[in-house]
Amino acid sequence: MKKKERLSVFDIFKIGVGPSSSHTLGPWRAALHFVNRIEHYAFDRIQIDLYGSLSKTGRGHATDIAIILGLSGYDPEQIDTSKIDDIIHKIRAKERLALLQRSIPFDFSKDIVYNESSLEFHPNGMKLTIWNNFEIQHSETYFSTGGGFIICASESDDESKQHVLPFPIDNGEDLIQHTDMQGQSVSEIVWQNELAFRTRVEVVEGMEKIFRTMQEAVFRGCHSEGELPGGLGVKRRARLLSLKLLDGVKCDNFQNWISAIKNSRYTFSNVNKWVSCFALAVNEENAALGRIVTSPTNGAAGVIPAVLLYHHCFGENIQKDDTLKFLLTAGEIGCIFKKGATISAAEGGCQAEIGVSSAMAAGGLTEILGGSPRQVLMAAEIAMEHHLGLTCDPIGGLVQVPCIERNAMGAMKAITAAHLALSGEPVHAIVKFDTVVQTMWETAQDMNLKYKETAEGGLAIKIPVGLPNC
C-alpha cells in the first residue's frame, strides 16, 4: 500500500527550471539539501553518483548541471536562467567548484559517476559524497520521486510533522464525501485544506505567482526562436505558429499579446491551434532550461497553462476567481495521483506525467465551467483513461521528442474530457476515478523498465542520434 501524505497543492505546483522535475529539479533540491548537511565538515573533493534512470538519461535531462547549480548555492526559483550556460562553462573551464565558499577541484568527467545499476527504493537514485585527504567525511543518498519531490534516505518519516487538515483526502471517494457533507464544491474544500498550510493571503498570492510564471513561460516560448539545446536539432515552433495565427502582428508584452489573441479569428481550427501553441511554448522553454511550473512535472508543464489560457482567451462568463478555483481543483487531483499511484515517469511511464496533467486540467476546467464534484472527477477519469499505458521513451534522453508535442495532445484531451463530463451523468459512468488511479498504478508496475524514462525502448531506440544517452 502506498504511503498516504498530507500534501498541499503547492507541492504539486513548484516553480523551477527545465527540462525535468525528476531529473533536474529534484536533483537540484537534493544538492541544496546536501549543502546544508555538510557545512561543518572539512572536505577537498566531492563525488556524485547517479543510478538508474538518473544515470541513463541524466545528461539529456541536465541532471549534472542541476546538481552543480544546487551545490553552488543557486535556487531554481530565483536563478537568472540566462546565466546558467556561463556558470557551467566557467566551472568546466576552471575545473573548480565553489562549494560553501570553498573552492575545490571538480572534473565533470571524473567526479560524476554514471552507474549502470539502480538503487532499490526508486529508479531515480543519487548519492553525494565528500572526501578529505582520501577519506570519506559524509555521504547522503537521495531519491527523486517525481514532480520535484525528493526523499533523503537517512531521514525517517516523522508523522508528528503531518498537517492536520479539516478535510483529509487520500482518494476521490474521500473528496466526494466531503463535498456531499459540506454542500461545497471541490475548490471550496481544497481551499479550506490549504489554510492549514498557509494564510489566506499566502495562498492567493502564491497561486497568482504560479499563474504569472505560467503566463511568462507561454509568452517567452511564443517569442523565442532557434534550435533547442541538446543536439537533436529540434526547431522551436511556437513563435512561428503564434505569428501565423496573428497574421504577423507582433506584441511587446503579454497583455497586448493576449488581447490580440482574443481579437483574432474565432474558429474551431484556430482555437485548436492556439491551445497547441500555448502548450508547445511552455515545453520549448522547458527544454531550453527556462523557468516553468511543475504541473505536476516539468515534462508535462504545458498542459495546464494551455487549458487555462484556452479558458481565459476563448471561454464564456469568465469569473475573477476562475484561475484560483482551477488550480486548487487541479492541484488536488494531482495530489491524489501522487498518493495513490505516481507522478514519476521513471516509475510509471508518461501516463504518470502527461496523463496526470491532462486529468488535472480536465478536472480544473470542469470545476470553473460549473461542473459538480462528481463531474470534476469524471472529467479527470476520462482524461487519464485515455493515457493509460503511455510510455516514456525520450529520444536521446532529452525532454523534447515526443515530450513537447504530447503536451499539446494532453491539453486537447483535457478539454474534450471536461466537455464530455459536463454533458454526461456521473452515475452512468462505468469507470470511476479511484478505479483509474489504481489501474494507472498497476499499469506502471507492469510496464517494462525500458519504457520508463531510460531511453532504452520505443522511439528512443528507433531514431539514431549521436547523443551520449541514446
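Here's a check for you: in the stretch 106-120, which residue that is of a type in the set (D, E, K, R) and at pLDDT 95 or above is nearest to the chain's Cα centre (by Cα)? Even if it seems obvious, please write down each step before you answer.
If we filter the stretch 106-120 for residues that are of a type in the set (D, E, K, R), which is where we start, we get 107, 110-111, 116, 120.
From what is left, the residues that are at pLDDT 95 or above are 107, 110-111.
Values: 107: 30, 110: 30, 111: 28 Å.
Per the criteria, the residue is 111.
For the stretch 152-190, a residue qualifies if it is modelled with pLDDT under 95 and not small (Gly, Ala, Ser), and the qualifying residues are 155, 157, 158, 159, 161, 162, 163, 164. When residues in the stretch 1-21 are screened for being crowded, with 24+ Cβ neighbours inside 10 Å and touching a His at 6+ places or on another chain (Cβ under 8 Å), 2 of them pass. Number of residues in the stretch 182-207 that are part of a helix (DSSP H, G or I) and surrounded by 13 or more Cβ atoms within 10 Å (Cβ to Cβ): the value is 15.
Within the stretch 349-379, restricting attention to residues that are in contact with a Phe, Trp or Tyr (Cβ under 6 Å, 6 or more places away or on another chain) and assigned to a helix (DSSP H, G or I), which residue is surrounded by the fewest Cβ atoms within 10 Å (Cβ to Cβ)?
Here the answer is 368.
Of the listed requirements (1) out of contact with any Ser or Thr (no Cβ under 7 Å at 6 or more places or on another chain); (2) at pLDDT 95 or above, residue 414 misses just one: (1).
Hey, any hits in the stretch 456-463 for a residue that's of a type in the set (Asp, Glu), more than 16 Å from residue 361 (Cα to Cα), in contact with a Lys or Arg (Cβ under 8 Å, 6 or more places away or on another chain) and touching a residue at least 40 places away in the same chain (Cβ under 8 Å)? Walk me through how you get there before you give the answer.
The first filter runs over the stretch 456-463 and keeps only residues of a type in the set (Asp, Glu), leaving 456.
Remaining after also requiring more than 16 Å from residue 361 (Cα to Cα): 456.
The next check asks that each one be in contact with a Lys or Arg (Cβ under 8 Å, 6 or more places away or on another chain); those that pass are 456.
Applying the additional criterion that residues be touching a residue at least 40 places away in the same chain (Cβ under 8 Å) yields 456.
The answer is yes; a qualifying residue exists.
Filtered by the rule that a residue be of a type in the set (Val, Ile, Thr) and in contact with a Gly (Cβ under 7 Å, 6 or more places away or on another chain), the stretch 331-387 gives 333, 336, 342, 343, 354, 356, 376. When residue 134 is tested against (1) in contact (Cβ under 8 Å) with a residue 24 or more places away in the chain; (2) surrounded by fewer than 17 Cβ atoms within 10 Å (Cβ to Cβ); (3) within 19 Å of residue 44 (Cβ to Cβ); (4) in contact with a strand residue (DSSP E or B) (Cβ under 9 Å, 6 or more places away or on another chain), just one condition goes unmet, and that condition is (1).
Report, by residue number, each residue of the stretch 365-397 that is in contact with a Lys or Arg (Cβ under 9 Å, 6 or more places away or on another chain) and of a type in the set (A, V, I, L, M). Matches in the stretch 365-397: 368, 377, 378, 382, 383, 390, 395.
Residue count for the stretch 316-331, restricted to those that are in contact (Cβ under 8 Å) with a residue 12 or more places away in the chain and either surrounded by fewer than 23 Cβ atoms within 10 Å (Cβ to Cβ) or in contact with a His (Cβ under 9 Å, 6 or more places away or on another chain) (or both): 6. A search for C-beta distances below 6 Å between a residue of the stretch 74-102 that is closer than 27 Å to residue 209 by Cβ and charged (D, E, K, R) and any residue that is modelled with pLDDT under 95 and surrounded by 17 or more Cβ atoms within 10 Å (Cβ to Cβ), counting only pairs 6+ apart in sequence or on different chains, returns nothing.
State whether the residues of the stretch 303-311 include one that is surrounded by fewer than 23 Cβ atoms within 10 Å (Cβ to Cβ), touching a residue at least 24 places away in the same chain (Cβ under 8 Å) and either closer than 19 Å to residue 242 by Cα or hydroxyl-bearing (Ser, Thr, Tyr) (or both). So that I can check it myself, show each step before the final result.
Pass one, the stretch 303-311, residues surrounded by fewer than 23 Cβ atoms within 10 Å (Cβ to Cβ): 310-311.
After this cut, where a residue has to be touching a residue at least 24 places away in the same chain (Cβ under 8 Å) as well, the list is 310-311.
After this cut, where a residue has to be either closer than 19 Å to residue 242 by Cα or hydroxyl-bearing (Ser, Thr, Tyr) (or both) as well, the list is 310-311.
Checked against the condition, which is being surrounded by fewer than 23 Cβ atoms within 10 Å (Cβ to Cβ), touching a residue at least 24 places away in the same chain (Cβ under 8 Å) and either closer than 19 Å to residue 242 by Cα or hydroxyl-bearing (Ser, Thr, Tyr) (or both), the stretch 303-311 yields at least one hit.
Within the stretch 208-225, the set of residues being under 29 Å from residue 375 (Cβ atoms) and either aromatic (Phe, Trp, Tyr) or not in a helix (DSSP H, G or I) (or both) comprises 211 only.
Take the conditions closer than 17 Å to residue 373 by Cβ, among the charged types (D, E, K, R) and free of Cβ contacts under 8 Å to residues at least 40 places away in the same chain and apply them to residue 205. Does it pass? Spell out how you get there, then give the answer.
Working: closer than 17 Å to residue 373 by Cβ: no; among the charged types (D, E, K, R): yes; free of Cβ contacts under 8 Å to residues at least 40 places away in the same chain: yes.
Considered against the rule, which asks whether it is closer than 17 Å to residue 373 by Cβ, among the charged types (D, E, K, R) and free of Cβ contacts under 8 Å to residues at least 40 places away in the same chain, residue 205 comes out as no.
The values are calculated or read from the model by the stated rules, or taken from the named source; none is laboratory data. The model shown is predicted, which means the values in this text are computed figures rather than measured ones. We place every Cβ from the backbone using ideal geometry, glycine too, and count neighbours over all the protein chains shown.
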